[in-house]
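Here the structure is laid out as structure tokens; the discussion comes afterwards.
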Amino acid sequence: MIGVDSSIIIDILRKRINLEKLQKFSEEDLWTTETVVYELLYGVYFGGEKIAEKEQQIAAILDTFTYILPFDRKSAAKAAHIGGNLARTGQMLDHNDTLIAGSLLAHGCNKFLTKNKRDFERIKELEVLDL
């Protein structure tokens with residue numbers, strides 16, 4: 001299983017990345033998280049234009065994923081562990097990024113596609129992949 005960040009999905013929506021490019025990972029299931037869904041929809045509502053169209057585009061992309069992980073107690077505990085340890089060492093990470101990593105790792109997904117490598121590479125348990 002491979003987790004996919006909002007930065008990748010945003011590039012698909014903006015046609016900077018072709019959805020088929022993810023097919024090179026087709027031997028593995030593609031996962032994302034409800035926090036990623038939140039980030040995507042937040043951007044739609046913040047932009048305020050063509051909301052229904054963008055919601056449909058996001059839904060179509062999300063339909064290609066094997067699983068969208070919930071943010072549950074297990075995810076919260078893992079995210080708190082990651083965020084707390086990084087903050088203690090002066091390596092603050094955006095809360096949404098911490099929640100995404102916590103959800104993935106709590107559910108056994110340790111491979112991750114993102115354009116935000118610099119931040120996510122600080123999480124030792126997460127293998128950040130190139131697209």
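The values are calculated or read from the model by the stated rules, or taken from the named source; none is laboratory data. Computed from a predicted structure; not experimentally measured. For neighbour counting, all protein chains shown are included, and Cβ atoms are generated from backbone atoms with ideal geometry for every residue, glycine included.
What do you reckon, is Q23 closer than 21 Å to V128 by Cβ, without any contact (Cβ under 8 Å) to a residue 24 or more places away in the chain and not hydrophobic (A, V, I, L, M, F, W, C)? Step through it out loud before you land on a result.
Details: closer than 21 Å to V128 by Cβ: yes; without any contact (Cβ under 8 Å) to a residue 24 or more places away in the chain: yes; not hydrophobic (A, V, I, L, M, F, W, C): yes.
In short, yes.
Identify all residues within segment 87-131 that are assigned to a helix (DSSP H, G or I) and surrounded by fewer than 19 Cβ atoms within 10 Å (Cβ to Cβ); write none if there are none. Step through it out loud before you land on a result.
Restricting attention to segment 87-131, the residues satisfying the condition of being assigned to a helix (DSSP H, G or I) are 87-88, 95-106, 117-120.
Within segment 87-131, A87, R88, H95, N96, K117, R118, D119 qualify.
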_Would you confirm whether or not segment 54-69 contains a residue that is out of contact with any helix residue (DSSP H, G or I) (no Cβ under 6 Å at 6 or more places or on another chain), buried (at least 20 other Cβ atoms within 10 Å of the Cβ) and more than 20 Å from K21 (Cα to Cα)?_
no
*Output the residues belonging to segment 1-24 that are in contact with a Cys (Cβ under 9 Å, 6 or more places away or on another chain) and buried (at least 17 other Cβ atoms within 10 Å of the Cβ).*
I2, G3
*Can you find a residue in segment 25-48 that is modelled with pLDDT under 95, over 18 Å from E127 (Cα atoms), of a type outside the set (S, T, Y) and not in a helix (DSSP H, G or I)?*
yes
*asked:* Show the residue pairs meeting these rules: Cβ distance below 6 Å; 6+ apart or different chains; first residue within segment 103-119 and more than 15 Å from R73 (Cα to Cα); second residue in a loop (DSSP other than H, G, I, E, B) and at pLDDT 95 or above.
replied: N110/E125; N110/L126; F112/L126; T114/D5
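Are any of the residues in segment 83-97 touching a residue at least 40 places away in the same chain (Cβ under 8 Å) and either polar (S, T, N, Q) or closer than 16 Å to V4 by Cα (or both)? Write out each step before concluding.
Taking segment 83-97 first, the residues touching a residue at least 40 places away in the same chain (Cβ under 8 Å) are 96.
Among the residues that remain, those that are also either polar (S, T, N, Q) or closer than 16 Å to V4 by Cα (or both) are: 96.
Yes, segment 83-97 contains a residue that is touching a residue at least 40 places away in the same chain (Cβ under 8 Å) and either polar (S, T, N, Q) or closer than 16 Å to V4 by Cα (or both).
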*Restricting attention to segment 60-88, which residues are more than 14 Å from the chain's Cα centre (by Cα), of a type in the set (S, T, N, Q) and modelled with pLDDT under 95?*
T64
